[in-house]
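The values are calculated or read from the model by the stated rules, or taken from the named source; none is laboratory data. As the structure is a prediction and not an experimental result, all values here were calculated from the model. Cβ: placed from backbone, ideal geometry, glycine included. Neighbour counts: every protein chain shown. These area figures cover heavy atoms from the full protein model, side chains too; ligands, DNA and RNA do not enter into them. Shrake-Rupley method; radii C 1.70, N 1.55, O 1.52, S 1.80 Å.
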Amino acid sequence: MSDDRIPVVVGVGEISDRPADLMESLEPLELMSRALQEANEDAGCTLLAEIDSLDVVNLISWRYADVAAQLATKLRIAPRRAVYGPVGGESPVRYLHEAALRVARGESTVGAIVGGEASHSVAAARKAGLVLPWTAFSKVGPPTLRIEDILHAQAIKLGAAQPITVYPFYETASAGHWGQTPSEALAESGMLWSKYATIAASNPSSWLKRRYSADEIVTPSSDNRLIAWPYTKLMVANPMVNQGAAVIVTSLARARAAGIPSDRMIHVWGGADATEPRDYLQRDQYFESHAQAAVLEAANTLTGAADFDALELYSCFPCVPKMARRALGLGSNVDTTVTGGLTFFGAPLNNYMTHAICAMVRRLRSVGGIGLLYGQGEFVTKHHALVISSEPPQRRLSQSTSVQVEANRRRGHVPLFSADAVGSASVETFTIIYDRNGVPNQGVVIVRMADGGRAMARVPVDDERSLDCLVDPNRSPIGIEGALSEGPDGVTEWRIVE
């Protein structure tokens, strides 16, 4: 392999902004600019002006007319390619992989991935009635993802159309599939998240730096309200942060010419990607993701007989790393993050995995070895895994990344969905949605009919018997029988049969 076709990560940079004066908050454009300058300094040379490919992670907290062009102008760089990407928590991993592939094809010499969010300042300013002195909020921008375009109308009608109300379906279904009682599943989540909190506490860029016990995390309280069963506030991603991160990748030849020491270079070995159907009601089941398993198993094969020395398994909600570690065949004793997770490190929306890349690069520089980066987006929908290492790869970086054929091969029969089904139906999975005071609004169940079909229904808040049965800590509710009927407002309801 020619040195000018071998991609290496040479610079990483992060920033966490906590201004004493809200009016001095850094806007996302400034967070990205500073993070990229930090990455340039981390590389120990002046690669910033040589960036020929720039990927900007999709941002939510502020809108710019053309953020990639504005960032390039601000940094006084002129990349031939400057792209603002779509929504997706997996996207930073994909961008790094694609940047490496461009280097391997000879299409790029220096690439950068960067993102930034200032949701904390935006929310605080809105609450205080302040106008932040930032770049004017653009009235126009790139097209945004419309939930109506990807989810079934029934899911939207029942309020199960946001990540916090969808991932619990996988949480409860997977626990039942693994033979866990709800209390056992909750205990696993608490122990896992407590480890994340501990790692975040030692990460200088983390938003929350307090260690939490497993009990603190899973026990509802005035400061830790239930949001969607079984998730409390301390079990979900925390987007109220001001954080930015950037990564610089170049060729081995350019890195050597720039005088970068070999122990500062992290090699990209390869990875894989696959997706699930975007409408989650059109999936075969909810206890595992075939796309997740396919990309992780493909990543595993890149190591040969070696094990991963460090992991970053996406952690928007506990079910994701719990499913991922099982797909990898790992025990519960492994550390599944080097960063701290989206609850405690912080969740700068689509940009968390850029921070994870930074943390993984620092870990591999420090102790060496092989690292796995796994990101995920939408509703357990988009999956991307990437293997990076302190050691050079033994083979050429493969330009083939998709394992969609394998993911599709694993997929079973998809039940026919009905929005107005009636009659006997058993619980396939469920959640309960709570208000801001921790009071139940309603339950939402996905059920299977006697003929094998699927439906989605409300469990009325006044049906305490059904709700109590669903959250019995000692018995999985998966498979419990009930009946569907039309509610007084025309919405399908499910109740346990007397």
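Between rounded, prolate and oblate, where does the range 399-462 land on the alpha carbon gyration tensor, with a ≥ b ≥ c its root eigenvalues, rounded for a/c under 1.5, else prolate if a/b exceeds b/c?
oblate
Along each of the three principal axes of the Cα atoms of the chain, give the extent in whole Å, ordering the values from largest to smallest.
On the principal axes, the chain reaches 76, 56, 40 Å in Cα extent.
Angle check, please: helix 182-201 long axis (alpha carbons) against the longest principal axis of the chain (alpha carbons), in degrees 0 to 90, nearest 10.
Compared with the principal axis, the helix lies near 20 degrees.
When the accessible area of the range 302-441 is computed with all protein chains present and a 1.4 Å probe, what percentage of it is carbon and sulfur?
48
Report, in degrees rounded to the nearest 10, the 0 to 90 angle that the Cα long axis of helix 290-301 makes with the longest principal axis of the chain.
Its long axis makes an angle of about 40 degrees.
For the chain, give the magnitude of the charge dipole about the Cα centre (Cβ charges: +1 Lys/Arg, -1 Asp/Glu; no others), in debye to the nearest 20.
Dipole about the Cα centre, nearest 20: 1140 debye.
Say the dipole of the chain comes from +1 at the beta carbon of Lys and Arg and -1 at that of Asp and Glu; which of Gly329, His384, Ala128 then lies farthest toward its positive end?
His384
List the extent of the Cα atoms of the range 229-355 along each of their three principal axes, largest first, rounded to whole Å.
Principal axes ranked by extent give 54, 38, 32 Å for the Cα atoms.
Round to a whole angstrom and tell me the spacing of the C-alpha centers of the range 236-301 and the range 65-123.
If you average the Cα positions of each part, the centres end up 14 Å apart.
Report relative contact order for the range 1-117 in percent, whole number only (criteria: Cα-Cα under 8 Å, sequence separation at least 6).
RCO, the range 1-117: 36 percent.
From the residues Ala237, Ser108, Val295, which one has its Cα farthest along the dipole of the chain in the positive direction, the dipole being from +1 and -1 charges on Cβ of Lys/Arg and Asp/Glu about the Cα centre?
Working it through, the farthest residue towards the positive pole turns out to be Ser108.
In the neighborhood of Val87, defined by Cβ-to-Cβ distances under 15 Å, what is the net charge if each Lys or Arg adds +1 and each Asp or Glu adds -1?
Result for the local shell: -1.
How far is helix 28-43 tilted off the main Cα axis of the chain, in degrees rounded to 10, range 0 to 90?
The two axes meet at around 50 degrees.
Starting from the amide H of Ser61, placed 1.01 Å from N in the peptide plane, find each other amide H under 5 Å away whose residue is 5 or more places distant or on another chain.
Ala118
Using a 1.4 angstrom probe, figure out how much accessible area the chain has per residue, in square angstrom, rounded to the nearest whole.
Ligands and nucleic acids excluded, the result is 40 Å² per residue.
Explain nothing, just the number: dipole magnitude of the range 189-281 about its Cα centre with +1 on each Lys and Arg Cβ and -1 on each Asp and Glu Cβ, in debye rounded to the nearest 20.
Approximately 380 debye in magnitude.
Where does the range 11-70 land on Rg/Rh, using Cα atoms and the Kirkwood Rh?
0.99
Mind putting a number on the dipole of the range 361-498 about its Cα centre? Charges go on the C-beta only, +1 for Lys and Arg and -1 for Asp and Glu, and I need it in Debye to the nearest 20.
Value, rounded to 20: 1460 debye.
Give, as a single signed number, the net charge of other residues whose beta carbon lies under 14 Å from the beta carbon of Ala68, with Lys and Arg counted +1 and Asp and Glu -1.
Result for the local shell: +1.
Over 5 Å intervals from 0, what percent of Cα-Cα pairs in the range 338-388 sits in each interval?
5, 19, 29, 24, 16, 6, 2
Indicate the gyration tensor shape class of the range 123-229 (rounded, prolate or oblate), computed on the Cα atoms with a ≥ b ≥ c the square roots of the eigenvalues: a/c under 1.5 is rounded; otherwise a/b larger than b/c is prolate and the rest oblate.
Oblate.
I'd like to know which of Tyr170, Val218, Thr354 lies farthest towards the positive end of the charge dipole of the chain, counting +1 on Cβ of Lys and Arg and -1 on Cβ of Asp and Glu.
Thr354
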